[in-house]
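Following: one structure in structure tokens, then a few remarks.
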Amino acid sequence: MILHTVNKSPARSNCLKSCLRIAPHGGALMLIEDGVYASVNNTKHSQLIVDALTRMQVFVLEPDIKARGLSGLLIPGVSLVGYPGFVELTQTYDTVQSWY
Amino acid sequence: MSNTKSLLIVNRHAPYDGMYAKEAMDAALIGAAFNQKVSVMFMDDGVYQLLREQAPADIRQKNTSLTLPMLDMYDINNVYVERASLQARNLTEENLLIPVQVIDSVQASELLGQQDIILNF
């Protein structure tokens, strides 16, 4: 199983879309840095994550959410993790694929 | 001949995506300090710079939103936000830290057309 990380805003980059063509076939998604904007609810891009959640786990790095003032705006079902949780995930999954 | 020019600062980057937010603010305040007619516009991911309750200590960055009230202190009253950018992100003025004027794309186009100088960040 692969942990896919995305660190770009969905409004500025196709990283998330490219990742989501491949990642749901046996993997989990980890949103970090500006990638966390994809986890905001009812935006132009939130359907990507809503659909992904039916097929895979979606993790979001909480310090990046707090930094950007996004607490309380998130899509239900995404899992918040801190830096220690992120490190654990990188150990749990076989490999990490970075989309940037 | 007047030395006063109209200067528009355009913000299109999210707040912790490099140094854009800080440098845009520096440019706006320096413009105002030199008595130029400064306007500031936020669009696309730039509107995220205005969100309340940013707390970037854990990502080891400075809270760029804390300097937004400086615009008012420097008498920069023309702060604009493009409506479509807010709507695409499910945001309203209530999510924003400072008072702004929400404008549509036609008004944004007119705003760009009125400037002597446009700086993009």
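The values are calculated or read from the model by the stated rules, or taken from the named source; none is laboratory data. Keep in mind the model is a prediction, meaning the values are calculated, not measured. Don't worry about glycine lacking a Cβ; one is built from the backbone with ideal geometry, like all the others, and counts go over all protein chains shown. Only protein heavy atoms, including side chains, enter the accessible area calculation; ligands, DNA and RNA are left aside. Shrake-Rupley method; radii C 1.70, N 1.55, O 1.52, S 1.80 Å.
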Inset, instruction - For region A:61-100, state which residues have at least 20 Å² less accessible area in the presence of all protein chains than in their chain by itself, taking the probe as 1.4 Å and leaving out ligands, DNA and RNA. - result: A:P63, A:K66, A:A67, A:R68, A:G69, A:L73, A:Y83
Inset, instruction - On the full set of protein chains, 1.4 Å probe, figure out the accessible area of B:D104 and give it in Å² to the nearest 10. - result: 60 Å²
Inset, instruction - Kindly compute the accessible surface that chains A and B hide from a 1.4 Å probe when together, both sides summed, and give it to the nearest 100 Å². - result: 1600 Å²
Inset, instruction - Please tell me which of these pairs span more than 27 angstrom C-alpha to C-alpha: A:K8/A:K44; A:K44/B:K37; A:K8/B:K22; A:K8/B:K37? - result: A:K44/B:K37; A:K8/B:K37
Legend entry - the protein assembly as shown - accessible surface per residue (Å², probe 1.4 Å): 51 Å²
Inset, instruction - Tell me the label-point distance for the pair B:A88, B:E23, using the 7 Å Cα-to-Cβ offset, in nm and rounded to one decimal. - result: 2.2 nm
Legend entry - Accessible-area composition of region A:2-99, carbon plus sulfur, in percent [1.4 Å probe]: 50 percent
Inset, instruction - Enter the accessible area of B:Y20 (Å², nearest 10), with the probe set to 1.4 Å and all protein chains included. - result: 90 Å²
Legend entry - Estimated FRET transfer efficiency (B:D72, A:N14; beta-carbon r; R0 30 Å; 0.05): 0.20
Inset, instruction - For the protein assembly as shown, report the translational diffusion coefficient in µm²/s to the nearest whole number, using Stokes-Einstein at 20 °C, 1.002 mPa s, and a Kirkwood Rh over Cα pairs. - result: 117 µm²/s
Inset, instruction - Work out which trypsin sites (Lys or Arg not before Pro) in chain B are exposed loop sites (DSSP not H, G, I, E or B, at most 14 other Cβ within 10 Å) and give the longest gap free of them. - result: B:63-121
Legend entry - Residues whose placed amide H lies under 5 Å from that of A:Q57, excluding near-sequence neighbours: A:L29
Legend entry - Inter-probe distance in nm under a simple model that places probes 7 Å from Cα toward Cβ, at B:I98 and B:A55: 2.3 nm
Legend entry - Burial ranking of peptide ranges A:80-88, A:5-13 (average Cβ count within 10 Å, highest at the top): A:5-13, A:80-88
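Using a Förster radius of 41 Å, what is the FRET efficiency between B:S6 and A:Q47 based on their Cβ-Cβ separation? Nearest 0.05, please.
Efficiency, rounded to the nearest 0.05: 0.55.
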Inset, instruction - Note every residue of region A:3-21 with a reduction of at least 20 square angstrom in accessible area, all protein chains present versus the isolated chain, computed with a 1.4 Å probe, or write none. - result: A:A11, A:R12
Legend entry - Scattering profile of chain B at q = 0.09 Å⁻¹ [log10 I(q)/I(0), Debye over alpha-carbon scatterers]: -0.23
Legend entry - DSSP-defined beta bridges in chain A - what % are antiparallel, rounded to 5: 5 percent
Legend entry - Inverse of mean 1/r across different Cα pairs in region B:57-121, Kirkwood, Å: 13.9 Å
Legend entry - Over chain A: Rg over Rh, Cα atoms, Kirkwood Rh: 0.92
Inset, instruction - Would you jot down the residues in region B:85-114 that end up with at least 10 Å² less accessible area in the complete protein assembly than in the chain alone, with a 1.4 Å probe? - result: B:A88, B:R89, B:N90, B:L91, B:N95
Inset, instruction - Counting helices only, and only those DSSP H runs with n ≥ 4, report the 222 nm mean residue ellipticity of chain A as the sum of -39,500 (n - 2.57) divided by its residues, in deg cm²/dmol to the nearest 500. - result: -8500 deg cm²/dmol
